[in-house]
Amino acid sequence: MKQITKAADLQQAVNAAKKQNLEIGLVPTMGALHEGHLSLIERALKENDFVVVSLFVNPIQFNNKEDLEKYPRTIEADLDLIAGLISRMEGRKAQELLAFTPSVEEMYPQGEPKEVYHFGPVEEVMEGPRRPGHFSGVAVVVRRLFDLAQPRRAYFGEKDYQQIAVIRALLEQIKYPIELVPCPIVRADDGLALSSRNMRLSPAARAIAPTINATLEQAAEMAEFEDVDDVKEWVLDTLASFHEVNPSLCPDGLKFEPEYFEIVDARTLQPIDNWEAAGDLGAVGCIAVWLDGVRLIDIVKF
Ligand code: PAF
């Protein structure tokens, strides 16, 4: 593994790899790596000759200044995790992994980019209206990474389900021949979806956080015999009333505050009102919940 911080060095390494016809895999991250990211990197190392992992906290995708400031920055530990993965990994195809850790000035040498992306209906639901400018900011950085790394494949986690739909729409717009590889959520043993934000949860909040996944799993079972609207209402009520039903688990006013739970077509991300309305990819439930001042997201496939 080699760490590089300069875009020009990345381009040079990529050009050399291209000359040898090596297939490049890109794993864009914002660092604070956990097993979920490592599963993307592991897959990229198996499927490509050369892997670029970017670790960059992209300021232009944060519409909340406090969230940007609080975002964990743990580059040294991240590099150790990647090195550990490489050393224990069997069946690896890639011989080279570049960890690209640019500064903000390196990524945006002209200052804050002026480009704005619009993706229509896929960004007009769920996260889109609640985080204005977020997906455009993601698209700007991902396109820049695509331009620098010129990957054959790019790997994204399904926890950020809407982000995957947006990247798919970006690829359609810019017509780059890049295969988008969505990768399954990695969960802790108790079911909580791994997220860099989990480390901000207090012990009491961490202890009840798996309720989100448990509730979604129960919702998937209910979907066999309940209507879409009833399943939605049940999920929101179950989480919102958790502290009343379980006061001993919720000290000091701890409670789940669901922001949304939508059941949508898994491709178009448009809400459906009956199970038959879902298209070829089926239906997916997407949730955002506040717990202990931390915004957690998760999904369930129906
Ligand atoms: O999913 C993330 O961590 C980020 O949105 C991404 C894709 C690395 C862009 O900054």
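The values are calculated or read from the model by the stated rules, or taken from the named source; none is laboratory data. Keep in mind that this is a model prediction, so the values were computed, not measured. Every residue, glycine as well, gets a Cβ built from its backbone with ideal geometry; the counts of neighbours run over all protein chains shown. Ligands, DNA and RNA are stripped out before the accessible areas are found, and what is left, the full protein with its side chains, is counted by its heavy atoms. Shrake-Rupley method; radii C 1.70, N 1.55, O 1.52, S 1.80 Å.
A few remarks follow.
- Gyration tensor (alpha-carbon) shape descriptor, the stretch 148-302, a/c threshold 1.5: oblate
- Computed log10 I(q)/I(0) for the stretch 68-161 at 0.22, 0.23 Å⁻¹: -1.41, -1.44, from the Debye equation with unit scatterers placed on every C-alpha and solvent omitted.
- Peptides 62-71, 23-32 ranked from most to least packed, by the mean per-residue count of other Cβ atoms within 10 Å: 23-32, 62-71.
- DSSP-defined antiparallel bridges as percent of all bridges, the chain, nearest 5: 50
- Distance between the stretch 55-117 and the stretch 251-268 - C-alpha centres, whole angstrom: 27
- Extension gain (nm, one decimal) between Gln110 and Ser202, 0.36 nm per residue minus Cα-Cα: 29.2 nm
- Packing, as the average of other Cβ atoms within 10 Å across residues, places the peptides 133-140, 105-112 in the order 133-140, 105-112, highest first.
- Of all accessible heavy-atom area on the chain, the percent that carbon and sulfur account for (1.4 Å): 49
- The shape of the stretch 173-224 comes out oblate: with a ≥ b ≥ c from the C-alpha gyration tensor, a/c is at least 1.5 while a/b does not beat b/c.
- Residue-normalised accessible area of the stretch 152-254, expressed per residue, 1.4 Å probe, Å²: 49
- Using a cutoff of 8 angstrom between alpha carbon atoms and counting only pairs six or more residues apart, the relative contact order for the stretch 96-230 works out to 17 percent.
- Distance between modelled label sites at Ala188 and Asn63, nm, 7 Å Cα→Cβ extension: 2.9
- Remark: relative contact order (the chain) = 17 percent; criterion is Cα-Cα distance under 8 angstrom and separation of 6 or more residues.
- The stretch 232-302, relative contact order in percent, only Cα pairs under 8 angstrom and at least six apart counted: 27
- When peptides 279-292, 46-59 are sorted by average Cβ neighbour count within 10 Å, with the highest value leading, the order is 46-59, 279-292.
- Spin-label pair Glu179-Phe225: with each label point 7 Å from Cα along the Cα-Cβ axis, the two points sit 4.2 nm from one another.
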